[in-house]
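Each remark here refers to the structure printed beneath this line.
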Amino acid sequence: DIQMTQSPSSLSASVGDRVIITCRASQSISTYLNWYQHKPGKAPKLLIFAASSLQSGVPSRFSGSGSGTDFTLTISSLQPEDFATYYCQLSYITPQTFGGGTKVEIK
Amino acid sequence: EVQLVESGGGLVKPGGSLRLSCAASGFTFTSNGMSWVRQAPGKGLEWVSTISSTSSHIYYADSVKGRFTISRDNAKNSLYLQMNSLRAEDTAVYHCARETEWIEYSMYYYGMDVWGQGTTVTVSS
């Protein structure tokens, strides 16, 4: 099975900061990579699919990049509503493994 | 409004069974595959199972294979997860999610674009 490793596992940032989260696959997955945002007690939300395509309705401050084994999620200017846990996910190939998550906290 | 609502969670003893349901509304249920994803207390998201729109393709995580059965009733716009031989490590919030397909650069991509709030399953004696 393909393993998905996220880093960091948590970070502290201030409103307005640029935040970068990385995800590494244990073998090449082309661009079969999605990013989700999850807040406690809420339904997870799809942000990015196909590594870099912005899901409809998601603010443009979110962007994704990468292919093969290395991927990044960037939040260009962190907003108060962005404090949450972010997960990468291998898509199309089963098992559809999620990364361990990155918790973005207020500094 | 596109919506998924889970039900059926609860407290069950180890070795017991539970059946989760997910009611879909606001979209053409027969057009999408569906998945179950869970989150154990203090842990991250874990994919559990996926079923295609016609039930012709079904996939399970190794951790639940042979114990859990995913199914759907397209006439009732409903998704199910039959959970048998439950273990303490199955304790989690279980979310159902809609699988959507996109075509980008002549390639097919999939993602879970609609999720339910989840139903809590607790396995404890």
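The values are calculated or read from the model by the stated rules, or taken from the named source; none is laboratory data. Predicted, not measured: the structure shown is a model, and the values here were computed from it. Every residue, glycine among them, receives a Cβ derived from its backbone with ideal geometry; neighbour counts consider all protein chains shown. Heads up: the accessible areas ignore ligands, DNA and RNA and are worked out on the full protein's heavy atoms, side chains in. Shrake-Rupley method; radii C 1.70, N 1.55, O 1.52, S 1.80 Å.
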Dipole check, chain B, charges on Cβ (K,R +1; D,E -1), about Cα centroid: among B:Ser21, B:Gln117, B:Thr54 the Cα furthest to the positive pole belongs to B:Ser21
Counting only protein heavy atoms and rolling a 1.4 Å probe, how much accessible area do A and B lose on contact, total for both sides, in Å² to 100?
2000
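Counting other Cβ atoms within 10 Å, which chymotrypsin sites (Phe, Trp or Tyr not before Pro) in segment B:51-114 have at most 15 and lie in a DSSP loop? Could you put the intermediate results ahead of the total?
Working: sites: B:Tyr59, B:Tyr60, B:Phe68, B:Tyr80, B:Tyr94, B:Trp102, B:Tyr105, B:Tyr108, B:Tyr109, B:Tyr110; in loops: B:Tyr105.
Of the chymotrypsin sites (Phe, Trp or Tyr not before Pro), the ones in loops of segment B:51-114 whose Cβ has at most 15 other Cβ atoms within 10 Å are B:Tyr105.
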Could you work out how far apart the two model spin labels at B:Ser63 and B:Val5 are, taking each label as a point 7 Å from the Cα in the direction of the beta carbon, and quote it in nm?
2.9
Measure out, as a whole number of angstrom, how far apart the alpha-carbon centroids of segment A:1-72 and segment B:1-27 sit.
27
Computed FRET value (nearest 0.05) for B:Glu101 with A:Ile20, which takes r as the C-beta separation and R₀ as 22 Å:
0.15
Amide H neighbours of A:Ser91 at under 5 Å, excluding residues fewer than 5 places away on the same chain, with H built from the backbone geometry, are A:Leu33, A:Asn34
Only Cα pairs under 8 Å and at least 6 apart count here; give the relative contact order of chain A as a rounded whole percent.
38
Please identify, among B:Trp47, B:Trp36, B:Trp115, the residue showing maximal mean-square fluctuation in a Gaussian network model of chain B using a 10 angstrom Cα cutoff.
B:Trp47
Only Lys, Arg, Asp and Glu count, each charged at its Cβ (+1, +1, -1, -1), so figure out the dipole size of segment B:2-125 about its Cα centre, rounded to 20 debye.
460
For B:Glu6, the accessible surface traced by a 1.4 Å probe with all protein chains present amounts, in square angstrom to the nearest 10, to 20
Accessible area in square angstrom per residue, chain A, 1.4 angstrom probe
43
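Restricting to Cα pairs below 8 Å that are 6+ residues apart, what does the relative contact order work out to for chain B? Please round to a whole percent.
On the way: 300 pairs, mean separation 43.2, N = 125.
Contact order relative to length: 35 percent.
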Residue by residue through segment B:15-26, which ³J(HN,Hα) values in whole Hz follow from phi under the Karplus form 6.51 cos²θ - 1.76 cosθ + 1.60 (θ = phi - 60°), with glycine and proline marked x?
x, x, 10, 7, 10, 8, 10, 9, 9, 9, 8, x
